[in-house]
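For reference, the structure discussed in these notes is given below.
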Amino acid sequence: MKEKVQVSGGTGLSAKDVSSGKIFVTDDSLDCAYAWDTGVAVNRYLAELKNGRIIATECRKCKRIMLPPRLFCELCYVPSNNWVYVQDTGVINTFSICHVHWDASRIGEGEKPHLPAVIEIDGASEGMGIMHLLNEVEPDQIKIGMKVKAVWKPEAERTGSINDIKYFKPIE
Amino acid sequence: MSKKVAIVGIGYSGFRTTSTDVSYREMIYEAATKCYEDAGGIHPQSIDSFVASSEDFMEGISIADEYVPDQLGAVLKPVQSIAGDSLQGLASALMQIKTGQFDVVAASAFSKISNLSSYENVLSYATDPAYIRPFQENPYFIAGLEMNRYLYETGTSREQCAKVVIKNRYNALKNPTAIYGAKIDMDDILNAPPLCKPLGEFDKSGHLDGAIVLLLASEDKARELTDHPIWITGLGWATDTPNLDSRTDTLGSARYAELAAQKAYSMAGINTPYNEIDFAEIDDTFSYKELQHIEALKLCGPGEAGELLDLGSFAPAGDLPVNVSGGSLGVGYLHEANGLHRVLETVLQLRGEAGPRQLPGVETGLAFAWRGVPTTTGTAIILSNKS
């Protein structure tokens with residue numbers, strides 16, 4: 001047998017109650033600054049991006065060519081300081097067509113969707129590569145398995161950042 | 001205690017004021033590799049579970065626990081993060097083994113405090129937004145309030161607090177991992193610039209980067225992995241109310257420490273701590289804290305710590321050596337890794353591996369960590385080399 005629960009009155013709050021100062025809130029905005037040490041592996045990765053090259057490390061045990069490069073293989077748990085250059089081409093492993101900005105606001109009329117993609121880099125082990133952005137492609141033309149190539153910033157504009165590659169674009 | 005658990009491996013990396021040459025991943029990898037080698041060369045695939053302690057604000061990464069697995073060898077393994085001092089993380093690792101579901105569990109923590117350029121802000125964001133933050137005071141004022149009340153209630157002198165600094169920084173001269181070791185005298189401390197009086201510049205510990213990884217195992221596994229297991233015989237922790245203006249006791253006491261120790265002592269079957277504990281590593285984030293904590297941990301009567309310090313009881317050659325390592329004042333402060341640092345030093349002593357600072361014939365040690373201002377959280381652990 002069901003009996004409806006009686007909810008007693010009460011008054012709902014509105015945004016106006018807050019803005020008019022009827023409801024007290026404590027405002028603060030947090031101010032924090034960090035400078036993260038990149039360490040050996042990420043530092044070299046970024047330095048090589050500045051040079052317009054992609055560098056990986058090879059695990060001496062499982063032989064995986066790992067991207068991003070790391071000083072140890074997290075699966076074999078052995079040091080991996082064998083550095084190898086890989087290509088700036090690869091294939092799309094997966095992608096998404098994003099109609100929202102980072103803060104969840106919708107993209108404007110005529111604005112192109114953001115196109116994040118995981119790219120398996122040629123020369124790195126299967127399933128390893130770079131998470132980056134796609135461009136110079138119509139969203140409805142993108143396919144998993146599509147071959148792409150890095151479009152680099154001009155040398156003078158590179159800073160040692162993942163953004164030294166502007167985006168990846170389809171080739172062929 | 002039901003199932004016996006031992007610390008079977010220790011590893012650390014650091015300790016130094018900056019560590020720009022390595023990432024936190026590389027620093028923890030070094031500490032973990034040393035720890036696993038210390039535990040008979042165990043491969044992390046044979047470790048059942050991993051517990052990391054961290055505070056996202058310190059690291060500048062929210063949900064930082066997701067960045068734990070790689071460097072510990074914990075990919076696709078049970079991983080848990082504790083937002084608290086690493087001795088609370090160790091408590092969690094201990095409990096996992098006591099459930100009987102896990103035999104070998106790693107506990108890790110690190111500090112990259114040098115990467116945080118607004119430490120005071122982070123500390124300030126830990127204070128209550130309605131009651132405390134609007135005053136815009138440096139949170140060390142809380143240590144000033146506590147110290148003043150502690151001195152008032154116990155009759156302990158400003159000079160006795162300074163003697164803690166002298167002792168610990170001198171002890172640190174014999175610890176190769178300590179970077180704040182120094183031979184300083186009373187005038188240096190009393191004439192130092194005041195911070196939040198009565199607290200002065202020398203009364204607080206300095207920041208440190210570093211990583212610590214410890215490996216815990218059930219009795220059978222412990223005997224397989226090492227010839228020198230250090231048994232965890234008791235552990236307890238407690239948190240007081242955060243209210244500065246209505247603590248359950250007073251700002252001069254440390255009830256959290258008393259209750260944490262009570263639990264740890266009762267688990268370990270310790271009735272007279274002063275007689276049964278051979279040495280202690282006790283939080284000395286601030287000078288007065290060491291004395292306040294010694295009293296709360298019932299290693300002496302209320303208000304007696306200062307006098308016993310004068311008599312040399314807490315010196316390396318005294319009846320109850322406290323912070324032979326140099327403590328946080330001498331070694332430096334490792335933030336959330338602080339608790340594991342206390343345990344690390346206690347384990348080294350109990351193994352007889354403490355080098356020039358080794359105490360003779362020690363069997364039972366106490367480690368106690370506090371989570372720093374503005375917290376009221378403390379964890380106590382009893383360790384023994386006798387099974």
Checklist outcome for this item: Note on the stretch B:34-44: residues in contact (Cβ under 8 Å) with a residue 12 or more places away in the chain, more than 22 Å from the chain's Cα centre (by Cα) and surrounded by fewer than 21 Cβ atoms within 10 Å (Cβ to Cβ) are B:GLU37, B:GLY40, B:HIS43
Checklist entry - What residue, among those in the stretch A:120-160 that are without any contact (Cβ under 8 Å) to a residue 24 or more places away in the chain and not in a helix (DSSP H, G or I), is least open to solvent (accessible area, probe 1.4 Å)? => result A:VAL151
Checklist outcome for this item: Selection over the stretch B:12-33 where residues are open to solvent by 70 Å² or more (accessible area, probe 1.4 Å) and within 9 Å of chain A (Cβ to nearest Cβ) yields a count of 4
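If we only count helices (runs of 4 or more DSSP H) wholly inside the stretch B:56-156, which ones have 2 or more residues that are more than 14 Å from every other protein chain (Cβ to nearest Cβ), open to solvent by less than 50 Å² (accessible area, probe 1.4 Å) and under 30 Å from B:ASP245 (Cβ atoms)?
The helices (runs of 4 or more DSSP H) meeting that bar are B:86-98, B:140-154.
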Checklist entry - Which one of these is of a type outside the set (Ser, Thr, Tyr), part of a strand (DSSP E or B) and under 21 Å from B:TYR170 (Cα atoms): B:PHE368, B:PHE314? => result B:PHE368
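In the set B:LEU244, B:LEU251, B:LEU173, which member is out of contact with any Asp or Glu (no Cβ under 8 Å at 6 or more places or on another chain), open to solvent by 10 Å² or more (accessible area, probe 1.4 Å) and at pLDDT below 95?
Working: B:LEU251 fails: out of contact with any Asp or Glu (no Cβ under 8 Å at 6 or more places or on another chain); B:LEU173 fails: at pLDDT below 95.
On inspection, the qualifying residue turns out to be B:LEU244.
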Checklist entry - Can you spot a residue in the stretch A:78-95 that is within 14 Å of chain B (Cβ to nearest Cβ) and assigned to a loop (DSSP other than H, G, I, E, B)? => result yes
Checklist entry - Can you tell which of A:ASP88, A:ASP164 is at negative phi and open to solvent by 20 Å² or more (accessible area, probe 1.4 Å)? => result A:ASP88
Checklist entry - Got at least one residue in the stretch B:297-305 being open to solvent by less than 20 Å² (accessible area, probe 1.4 Å), modelled with pLDDT of 95 or more and within 19 Å of the chain's Cα centre (by Cα)? => result yes
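In this structure, does A:ASP31 turn out to be open to solvent by 40 Å² or more (accessible area, probe 1.4 Å), among the charged types (D, E, K, R), within 14 Å of chain B (Cβ to nearest Cβ) and free of Cβ contacts under 8 Å to residues at least 12 places away in the same chain?
On the way: open to solvent by 40 Å² or more (accessible area, probe 1.4 Å): yes; among the charged types (D, E, K, R): yes; within 14 Å of chain B (Cβ to nearest Cβ): yes; free of Cβ contacts under 8 Å to residues at least 12 places away in the same chain: yes.
For A:ASP31, the condition - open to solvent by 40 Å² or more (accessible area, probe 1.4 Å), among the charged types (D, E, K, R), within 14 Å of chain B (Cβ to nearest Cβ) and free of Cβ contacts under 8 Å to residues at least 12 places away in the same chain - is met.
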Next on the checklist: I'm told B:GLY332 meets every condition in (1) open to solvent by less than 10 Å² (accessible area, probe 1.4 Å); (2) on the phi > 0 side of the Ramachandran plot; (3) out of contact with any His (no Cβ under 9 Å at 6 or more places or on another chain) except one. Can you identify the failing condition by its number?
Outcome noted: (3)
Checklist outcome for this item: When every residue in the stretch B:45-54 that is touching a residue at least 40 places away in the same chain (Cβ under 8 Å) and surrounded by fewer than 18 Cβ atoms within 10 Å (Cβ to Cβ) is compared, the one nearest to the other protein chains (Cβ to nearest Cβ) is B:SER46
Checklist entry - Could you list, in sequence order, the residues of the stretch B:213-257 that are touching a helix residue (DSSP H, G or I) at 6+ places or on another chain (Cβ under 7 Å) and of a type in the set (Val, Ile, Thr)? => result B:VAL213, B:ILE230, B:ILE232, B:THR233, B:THR239, B:THR248, B:THR250
Next on the checklist: Taking the conditions exactly as written (farther than 17 Å from A:MET131 by Cα, within 14 Å of chain B (Cβ to nearest Cβ), in contact with a strand residue (DSSP E or B) (Cβ under 8 Å, 6 or more places away or on another chain) and surrounded by 16 or more Cβ atoms within 10 Å (Cβ to Cβ)), does A:CYS59 satisfy them or not?
Outcome noted: yes
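Within 11 Å of chain A (Cβ to nearest Cβ), over 28 Å from B:GLY206 (Cα atoms) and not in a helix (DSSP H, G or I): does that describe B:ILE42? Give the derivation first.
Working: within 11 Å of chain A (Cβ to nearest Cβ): yes; over 28 Å from B:GLY206 (Cα atoms): yes; not in a helix (DSSP H, G or I): yes.
Judged against the criteria, B:ILE42 is a match.
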Next on the checklist: So for the stretch B:218-229 (the condition being under 20 Å from B:SER53 (Cβ atoms) and either aliphatic (A, V, I, L, M) or open to solvent by 60 Å² or more (accessible area, probe 1.4 Å) (or both)), does at least one residue qualify?
Outcome noted: no
Checklist entry - Of the residues A:THR26, A:THR11, which is in a loop (DSSP other than H, G, I, E, B), β-branched (Val, Ile, Thr) and within 14 Å of chain B (Cβ to nearest Cβ)? => result A:THR26
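The values are calculated or read from the model by the stated rules, or taken from the named source; none is laboratory data. This structure is a prediction, so every number in the text was calculated from the model and none was measured. Quick reminder, even Gly has a Cβ in these numbers, built from the backbone with ideal geometry, and neighbours come from all protein chains shown. Surface areas here come from the heavy atoms of the whole protein model, side chains and all, with no ligands, DNA or RNA. Shrake-Rupley method; radii C 1.70, N 1.55, O 1.52, S 1.80 Å.
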